[in-house]
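Asks: After the structure tokens below, expect a handful of questions from me.
The values are calculated or read from the model by the stated rules, or taken from the named source; none is laboratory data. Computed from a prediction, not measured in an experiment: that's the story for all the values here. Here the Cβ positions follow ideal geometry from the backbone for every residue, glycine too, while neighbour counts run over all protein chains shown.
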Amino acid sequence: MVQPLERIQRMKHYYISSYRQIEEVDEPIPTPGAGEVLVKVAYSALSPGSNVSGYLNQNRQQRGELLYMASGIVQAIGAGVQRVAPGDAVAVLNCGHQAYACVAEDAVHRLPSALTLREASLSYLCSWSVSALHLGQYAAAETVVVVGQGLVGTSAALVADLMGARVLALDSAAERVAFAQTLGLGAVVQVGTTNTAEQMAAFLGETGPDLILETSGSWHGFRQAVELARDYTRLAIMGIYRQPPPSELGLDLHQLLYRTPSKFHYQRLQIIGCGSDPDEVAYPNPHLATRRRNYAYVLEQAARGRLPLDKLITHTLPPQEIGQALAALADGNKQMVGVVFDWSNA
């Protein structure tokens, strides 16, 4: 629903002001310029990676955005905008935690009518997972291991399952294992228990993993992935390693990867970095996938009931609890996976 903006001139916007501090700012609603879209935010999603990393930045010198993904209704468009019109329900990329967002036209994706705004608020990670599977050269019916069952990992596991993979999901936290077990995956195993190896072997069989998606951003997760690899396994890295590995673990990884008989050379392990597919199709890109096409695919599958985005949401909170949610995640809360903020009363 389009709001009468002449009556609503200001909005709430939450920023990181300093280390572990969130600031609520009352500011004017922006006006879209050429090529821009103004969206009334319905739900904004919290990033357990980039938002928490920014929250814990002790070197911050100025107020910073908490950019991630959101959903909402288009209120106004600038000159030249053609993909959306006022009243359209959209998913939004690079959106802060704010009541209204003014973004580039390329950052919005119109929703199918059967998809709710709440579900759509977490749709971006699934579209990135499509890119990761492309880059990892996934082929139908392969066995895919997903290391880490945070929001990135569970999104990737659901997309791999959608695409027909045999999916084994791994995590060391009992809370995240319990959550992943609700997603209907092939198998979910808690790493570090007495029967971890037996459970993994029972699912992987003699062939082992074809593709491993490492999503944890933990060096221990990376080591687990390397250890599981067999001949010609592809290891696609979605996690971001923000700190160097501890010295003992670094030596262990060096042994596994590079010293004879190394996984990297003797078992032909492929390690693949996973950003998104390109914005435009251009030579020598070997396929026609683009970010927008991947996003459209995810939204379509979710609207058809084949990709249960709603299952990724563990917490729906009011915007004024952004600070508490960030603090909980920063302090190691493993029960919070998909956290979205409901702006309907803001």
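Asks: Among the residues of segment 46-92, write down those that are more than 19 Å from ALA120 (Cβ to Cβ), under 18 Å from the mean Cα position of the chain (by Cα) and among the polar types (S, T, N, Q).
Replies: Answer for segment 46-92, where residues must be more than 19 Å from ALA120 (Cβ to Cβ), under 18 Å from the mean Cα position of the chain (by Cα) and among the polar types (S, T, N, Q): SER50, SER53.
Asks: Of everything in segment 172-199 that's touching a Leu at 6+ places or on another chain (Cβ under 7 Å) and aliphatic (A, V, I, L, M), which residue is surrounded by the most Cβ atoms within 10 Å (Cβ to Cβ)? Break it down stepwise before answering.
Replies: Taking segment 172-199 first, the residues touching a Leu at 6+ places or on another chain (Cβ under 7 Å) are 183, 186-187, 189, 191.
Restricting the remaining residues to those that are aliphatic (A, V, I, L, M) gives 183, 187, 189, 191.
Numbers: LEU183: 17, ALA187: 17, VAL189: 22, VAL191: 18.
Looking at residues that are touching a Leu at 6+ places or on another chain (Cβ under 7 Å) and aliphatic (A, V, I, L, M), I get VAL189.
Asks: Another one. Please go through segment 48-78 and give me each residue that is among the hydroxyl-bearing types (Ser, Thr, Tyr) and closer than 20 Å to CYS102 by Cβ, ordered by number. Before the answer, list the steps.
Replies: Initial filter on segment 48-78 (among the hydroxyl-bearing types (Ser, Thr, Tyr)): 50, 53, 55, 68, 71.
Across segment 48-78, the qualifying residues are TYR68, SER71.
Asks: Restricting to segment 262-310, what's the tally of residues that are touching a strand residue (DSSP E or B) at 6+ places or on another chain (Cβ under 8 Å) and of a type in the set (A, V, I, L, M)?
Replies: Step one: list which residues in segment 262-310 are touching a strand residue (DSSP E or B) at 6+ places or on another chain (Cβ under 8 Å), which gives 264, 269-274, 292, 295-296, 299.
Next, from what is left, pick out any that are of a type in the set (A, V, I, L, M): 269, 271-272, 296, 299.
Counting residues in segment 262-310 that are touching a strand residue (DSSP E or B) at 6+ places or on another chain (Cβ under 8 Å) and of a type in the set (A, V, I, L, M) gives 5.
Asks: Restricting to segment 274-283, what's the tally of residues that are of a type in the set (Asp, Glu) and surrounded by 12 or more Cβ atoms within 10 Å (Cβ to Cβ)? Full working, then the answer.
Replies: Taking segment 274-283 first, the residues of a type in the set (Asp, Glu) are 277, 279-280.
Then keep just the ones that are surrounded by 12 or more Cβ atoms within 10 Å (Cβ to Cβ); that gives 277.
Qualifying residue count for the region: 1.
Asks: Hey, does segment 266-282 have a residue that's assigned to a helix (DSSP H, G or I) and assigned by TED's automatic domain parsing to the domain that holds LEU183? I'd like the intermediate steps shown before the answer.
Replies: Pass one, segment 266-282, residues assigned to a helix (DSSP H, G or I): 266.
Checking which are assigned by TED's automatic domain parsing to the domain that holds LEU183 leaves us with 266.
Looking through segment 266-282, at least one residue is assigned to a helix (DSSP H, G or I) and assigned by TED's automatic domain parsing to the domain that holds LEU183.
Asks: Please go through (1) over 26 Å from GLN243 (Cβ atoms); (2) buried (at least 19 other Cβ atoms within 10 Å of the Cβ); (3) in the same structural domain as GLU321 (by TED's automatic domain parsing) for ALA79 and return the number of the only condition it doesn't satisfy.
Replies: (2)
Asks: Could you give me the residue pairs with C-beta distances under 9 Å whose first residue belongs to segment 152-168 and is farther than 15 Å from ALA236 by Cβ and aliphatic (A, V, I, L, M), whose second residue is modelled with pLDDT of 95 or more and not in a helix (DSSP H, G or I) wherever it lies, and which are 6+ apart or on separate chains?
Replies: Cβ pairs passing all conditions: LEU158/VAL167; LEU158/LEU183; LEU158/GLY184; LEU158/LEU185; LEU158/LEU307; LEU158/PRO308; LEU162/ARG306; LEU162/LEU307.
Asks: Among the residues of segment 111-167, write down those that are within 20 Å of SER44 (Cβ to Cβ), among the hydroxyl-bearing types (Ser, Thr, Tyr) and assigned to a loop (DSSP other than H, G, I, E, B).
Replies: Across segment 111-167, the qualifying residues are THR116, SER121.
Asks: Would you pick out the residues in segment 203-246 that are more than 19 Å from the chain's Cα centre (by Cα) and either of a type in the set (D, E, K, R) or in the same structural domain as SER47 (by TED's automatic domain parsing) (or both)?
Replies: Answer for segment 203-246, where residues must be more than 19 Å from the chain's Cα centre (by Cα) and either of a type in the set (D, E, K, R) or in the same structural domain as SER47 (by TED's automatic domain parsing) (or both): GLU206, ASP210, ARG223, GLU227, ARG230, ASP231, ARG234.
Asks: Of the residues that sit in segment 230-273 and are among the hydroxyl-bearing types (Ser, Thr, Tyr) and surrounded by 12 or more Cβ atoms within 10 Å (Cβ to Cβ), which one is modelled with the highest pLDDT? Reasoning before the result, please.
Replies: Start the filter on segment 230-273 by keeping residues that are among the hydroxyl-bearing types (Ser, Thr, Tyr), which leaves 232-233, 241, 247, 258, 260, 262, 266.
Adding the requirement that they be surrounded by 12 or more Cβ atoms within 10 Å (Cβ to Cβ) leaves 233, 241, 262.
On the way: THR233: 96, TYR241: 92, SER262: 83.
Per the criteria, the residue is THR233.
Asks: Moving on. Under the condition of being among the hydroxyl-bearing types (Ser, Thr, Tyr) and assigned to a helix (DSSP H, G or I), which residue from segment 234-265 is nearest to GLY208 (Cα to Cα)?
Replies: First, the residues of segment 234-265 that are among the hydroxyl-bearing types (Ser, Thr, Tyr): 241, 247, 258, 260, 262.
Then drop every residue that is not assigned to a helix (DSSP H, G or I), which leaves 247, 258.
On the way: SER247: 29, TYR258: 21 Å.
It comes out as TYR258.
Asks: Taking ASP310 as the residue in question, decide whether it is at pLDDT 95 or above and under 12 Å from TYR43 (Cβ atoms).
Replies: In short, yes.
Asks: Quick check on segment 3-12. Is at least one of its residues surrounded by fewer than 21 Cβ atoms within 10 Å (Cβ to Cβ), within 22 Å of the chain's Cα centre (by Cα) and assigned to a strand (DSSP E or B)?
Replies: Here is the first cut: in segment 3-12, the ones surrounded by fewer than 21 Cβ atoms within 10 Å (Cβ to Cβ) are 3-12.
If we keep only those that are within 22 Å of the chain's Cα centre (by Cα) as well, we get none.
Among the residues of segment 3-12, not one is surrounded by fewer than 21 Cβ atoms within 10 Å (Cβ to Cβ), within 22 Å of the chain's Cα centre (by Cα) and assigned to a strand (DSSP E or B), which makes the answer no.
Asks: Next up: Would you check if PRO86 is surrounded by fewer than 19 Cβ atoms within 10 Å (Cβ to Cβ) and either in contact with a Phe, Trp or Tyr (Cβ under 8 Å, 6 or more places away or on another chain) or outside the structural domain of ARG223 (by TED's automatic domain parsing) (or both)?
Replies: Working: surrounded by fewer than 19 Cβ atoms within 10 Å (Cβ to Cβ): yes; either in contact with a Phe, Trp or Tyr (Cβ under 8 Å, 6 or more places away or on another chain) or outside the structural domain of ARG223 (by TED's automatic domain parsing) (or both): yes.
Spelling it out, PRO86 is indeed surrounded by fewer than 19 Cβ atoms within 10 Å (Cβ to Cβ) and either in contact with a Phe, Trp or Tyr (Cβ under 8 Å, 6 or more places away or on another chain) or outside the structural domain of ARG223 (by TED's automatic domain parsing) (or both).
Asks: Can you confirm whether ALA225 is within 27 Å of SER47 (Cβ to Cβ) and surrounded by 12 or more Cβ atoms within 10 Å (Cβ to Cβ)? Even if it seems obvious, please write down each step before you answer.
Replies: Numbers: within 27 Å of SER47 (Cβ to Cβ): yes; surrounded by 12 or more Cβ atoms within 10 Å (Cβ to Cβ): yes.
Taking the combined requirement at face value, the residue satisfies it.
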